[in-house]
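Visitor: Here you go, one structure.
The numbers here are math on the coordinates, done by the rules we state, and not lab data. In this text the structure is predicted, and so the values were computed from the model without any measurement. Virtual Cβ from ideal backbone geometry, glycine too; neighbours counted across all protein chains shown.
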Amino acid sequence: MNKPILLLHKTVRSYFLMVIVAVISTWFSTNIYSQQNSSESLLISESSVKVAPVELDGHFLFNVRGVSSYPAEERAEQIGQRLKNIAATDSISVSKIKIVTTIDYSTIYIGESAIVNIYDEDAEIEGIDRNLAARVISKKIGSAIIKYRTDRSQPAIIKNVIQALISMVVLIIILFILVRLSNRINNALQNRIKTKIDSVDNISFNLIKSNQIWKGFHVLFNTIRNVLNIAIIAVFINFVLSLFPWTNSFAVYLLNIITNPIINLGTSFVLYIPKLIFLIITYFITKYILKIIKLFFSGIESGGILIKDFHPEWAISTFKIVRAFIIAFAIILAYPYIPGSDSVAFKGVSVFIGILFSIGSSGFIGNLIAGYSMIYRSAFRKGDFIEVEGQTGFVEEQQLLVTRLRSLKNEEIILSNSILLNSKIINYTVKAKEKGVILHTIVGIGYETPWRQVDAMLKLAANRTEGLLKDPPPFVQKMVLADFAVNYEINAYCKDVDRMKKIYSLLHENILDVFNENNVQIMTPSYERDPEIPKVVPQEQWHTPLAKDE
């Protein structure tokens, strides 16, 4: 099988399903149309009086009025049925149309059959005299009957069948050409674009996969192609249906259900343009106002703009609050101009989302408010060493909902801002930058050791400790005169709080060394009686090596 025949075979097979779908949709729409034709007739209301159109073969002829006991729809349907019966009878000549006028109405006859009574009220619809209305309507009836019979004549049907067959051949040729053309376009795009898309892998460090981009592009291309194919098939079906009088009315209906939404959408868009312009202007005004405000607060943050009693670290948080209020105000202004904002569904969804937000966001709002409260309290800054609820660490990041700490063991501690707001916070960094924070530790020494000697030993240990300040000098406080020992507290200033734990360890090492040097026993943590051998380590044993493995 050569390539053209094979391609034609693939074309017919590819579009066979589309034709089936279009035919099924046509059949389904026909049933709906036949069931709803009477209810979907155009009703024209003038001066609160209902009228209905009289149609023949789907073509509008004229409007008639009705009364409560004889509705306009029922009257129009019966007139249309009489016209159809007359038009289907070729023996009744159109030249036999005549008008019989009485005082109350004018009757249009075709032969001996009365078609319609024209009343003054019917003529009022068009705003003309009853006799003139009767003459105009009679001419339209005659023309409609002639067209009805002509469309059903053998020559017309044969001509229409030939046109339908020709259009089918043209459709197959168009689809065949479209398949070949789309394949060529697809190959050309693949050769030119796919190589560029493949380079995205290297540019994005494999964060974006080229096959995913190409797959999305391929789906878009196929969607456009399929939509175009379906549109061509729909035009063909509508054209074929319009050729025959039995399906012409449905062709008009099918065309309306396709074109009316497009026309309505275009009309709505044109009418919406002034509102759209207002939304665009509101967007750009809001955007540039926010840029100016952000520039102002950035100046405060950098120190270029000084405001009394306003800390620079408050600038970004304050900008976020101001930005939220400005955006909210812009949304309030733009809300009436948003498409569908006045619909019940839009309002219902808005209320529903508001209820969900209010019910499920109490904790979120609480943390958000707590976050701003913590910022304006200035309890700590990024990089400060703090203690909260027994947790110590350096402030890594302060967000609106949580604050992240890094412990001395390089652990990440995440604290909710609501917890911080209601907890005691110890900030070691703030005062350490000025005079220094005081590090302290307690030792228990027996009453037999002179307190002046203990003071000297503790101060010596503090002076030996790297990281503790010599000025101001360390000092000792006698905390408790306990039952068996005196609790001494050594206090020393330190500015290097980042190494606080290490400095504590060095201080404890030096305290042990100094007291061992002076043969003074440390009674901490508790002391009940004097041991037989003093609990001190001789200096010659301070550097005892580890036991060797055998």
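Visitor: Can you return the aspartates and glutamates within cross-link range of LYS84? Criterion is Cα-Cα under 13 Å, with same-chain partners fewer than 8 residues away left out.
Guide: GLU55, ASP57
Visitor: Per q in 0.21, 0.27 Å⁻¹, report the Debye log10 I(q)/I(0) for the range 379-427, using one uniform scatterer on each alpha carbon and no solvent.
Guide: The Debye formula, applied to the Cα set alone, gives -0.61, -1.06.
Visitor: Within 10 Å, count the other beta carbons around each residue, average over each peptide in 308-321, 462-475, and list them highest first. Display every interim value, and only then the final one.
Guide: Working: 308-321: 14.0, 462-475: 16.4.
Going by the mean number of other Cβ atoms within 10 Å, highest first, we get 462-475, 308-321.
Visitor: Still on this structure, please answer the following. Hey, can you grab everything whose amide H is under 5 Å from the amide H of ILE413? Only 5+ residues off in sequence or another chain; H modelled, so Pro and N-termini drop out.
Guide: Counting only residues 5 or more places away or on other chains, the set is LEU405, ARG406, SER407.
Visitor: If packing is taken as the mean number of other Cβ atoms within 10 Å per residue, what is the order of 346-355, 424-433, highest first?
Guide: On the way: 346-355: 11.0, 424-433: 15.2.
The most tightly packed comes first, giving 424-433, 346-355.
Visitor: So, by mean Cβ neighbours within 10 angstrom, what's the order for 218-225, 74-81 with the highest one leading?
Guide: On the way: 218-225: 12.5, 74-81: 17.5.
Descending mean neighbour count gives 74-81, 218-225.
Visitor: Check VAL486: other-chain or 5+ apart residues with amide H under 5 Å from its amide H, H built from backbone geometry?
Guide: Residues meeting the amide H criterion: ILE445, GLY446, TYR447.
Visitor: Still on this structure: What are the residues whose amide H is under 5 Å from the amide H of GLY393, where those residues sit 5 or more places off or on another chain and H is modelled from the backbone?
Guide: Correct list: ILE386.
Visitor: Using 7 Å Cα-to-Cβ label points, what is the ILE307/ALA156 separation (nm, one decimal)?
Guide: About 8.2 nm, to one decimal.
Visitor: So, one more: Which net charge results when you count Lys and Arg as +1 and Asp and Glu as -1 among the other residues whose beta-carbon is under 15 Å from that of SER91?
Guide: On the way: positive: LYS96, ARG149, ARG152; negative: ASP90, GLU112.
That sum, taken over residues with Cβ under 15 Å, equals +1.
Visitor: Quick one: length gained pulling ILE326 to ASP496 fully straight, 0.36 nm per residue minus the C-alpha distance? Before the final figure, lay out the partial values.
Guide: On the way: separation 170, 0.36 × 170 = 61.20 nm, distance 4.41 nm.
Roughly 56.8 nm would be gained on extension.
Visitor: Let me ask something else about it. Calculate the dipole size of the range 379-427 relative to its Cα centre from +1 charges on Lys and Arg beta carbons and -1 charges on Asp and Glu beta carbons; express the result in debye to the nearest 20.
Guide: On the way: 6 positive and 7 negative charges, 19 e Å.
It works out to roughly 100 debye.
Visitor: If you don't mind, there's one more thing I want to ask. What does the charge count near ALA134 come to, summing +1 for each Lys or Arg and -1 for each Asp or Glu among other residues with Cβ under 15 Å from its Cβ? Let's see the in-between values first.
Guide: Working: positive: ARG65, LYS98, ARG130, ARG135, LYS139, LYS140; negative: ASP104, ASP120, GLU121, ASP122, GLU124, GLU126, ASP129.
Counting the neighbours of ALA134, the net charge comes to -1.
Visitor: Past the 23 Å Cα-Cα mark, which pairs from LYS382/LYS424; LYS459/LYS495; LYS294/LYS424? Please list the in-between numbers first.
Guide: On the way: LYS382/LYS424 18 Å; LYS459/LYS495 18 Å; LYS294/LYS424 33 Å.
Flagged as over cut-off: LYS294/LYS424.
Visitor: Per the Kirkwood definition applied to all pairs of different Cα atoms, how many angstroms is the hydrodynamic radius of the range 431-533? All intermediate terms of the calculation are to be shown ahead of the outcome.
Guide: Working: mean 1/r = 0.0711 Å⁻¹.
After inverting the mean inverse Cα-Cα distance, the result is 14.1 Å.
Visitor: With a Förster radius of 35 Å, plug the Cβ-Cβ distance of ALA482 and SER407 into 1/(1 + (r/R0)^6) and report the FRET value to the nearest 0.05. Walk me through the numbers on the way to the answer.
Guide: Values: r = 34 Å, r/R0 = 0.96.
With R0 = 35 Å, the Cβ-Cβ based efficiency is 0.55.
Visitor: Can you tell me the FRET efficiency between LYS140 and ASN264 if r is taken as the Cβ-Cβ distance and R0 is 45 Å, rounded to the nearest 0.05? Before the final figure, lay out the partial values.
Guide: Numbers: r = 29 Å, r/R0 = 0.65.
E between LYS140 and ASN264, to the nearest 0.05, is 0.95.
Visitor: Mind checking which aspartates and glutamates have their Cα closer than 18 Å to the Cα of LYS320? Skip sequence neighbours fewer than 8 apart in that chain.
Guide: Leaving aside aspartates and glutamates fewer than 8 places away in the same chain, those within reach of LYS320 are GLU301, GLU397.
Visitor: Using θ = phi - 60° and the Karplus relation 6.51 cos²θ - 1.76 cosθ + 1.60, list the HN-Hα couplings for the range 167-173 in order, rounded to whole Hz, with x at every Gly or Pro.
Guide: Working through the residues one at a time gives 5, 5, 4, 4, 4, 4, 5 Hz.
Visitor: Explain nothing, just compute: Karplus ³J(HN,Hα) = 6.51 cos²θ - 1.76 cosθ + 1.60, θ = phi - 60°, for every residue of the range 503-508 in order, whole Hz, x for Gly and Pro.
Guide: Couplings: 5, 4, 5, 5, 4, 5 Hz.
Visitor: Which of LYS431/LYS501; LYS96/LYS139; LYS409/LYS501; LYS308/LYS435; LYS431/LYS470 have a Cα-Cα distance over 20 Å? Spell out each step's value before the answer.
Guide: Working: LYS431/LYS501 17 Å; LYS96/LYS139 12 Å; LYS409/LYS501 11 Å; LYS308/LYS435 25 Å; LYS431/LYS470 17 Å.
Flagged as over cut-off: LYS308/LYS435.
Visitor: While we're on this one: How much FRET efficiency would the formula 1/(1 + (r/R0)^6) give for LYS96 and ILE338, where r is the Cβ-Cβ distance and R0 is 60 Å, rounded to 0.05? Present the calculation step by step, with values, prior to reporting the outcome.
Guide: Details: r = 62 Å, r/R0 = 1.04.
Once the sixth-power term is evaluated, E becomes 0.45.
Visitor: What number comes out for the charge environment of ILE414, summing +1 per Lys or Arg and -1 per Asp or Glu over other residues with Cβ under 12 Å away? Can you show the working numbers first?
Guide: Numbers: positive: ARG404, ARG406; negative: GLU396, GLU397, GLU411, GLU412.
Summing Lys and Arg as +1 and Asp and Glu as -1 gives -2.
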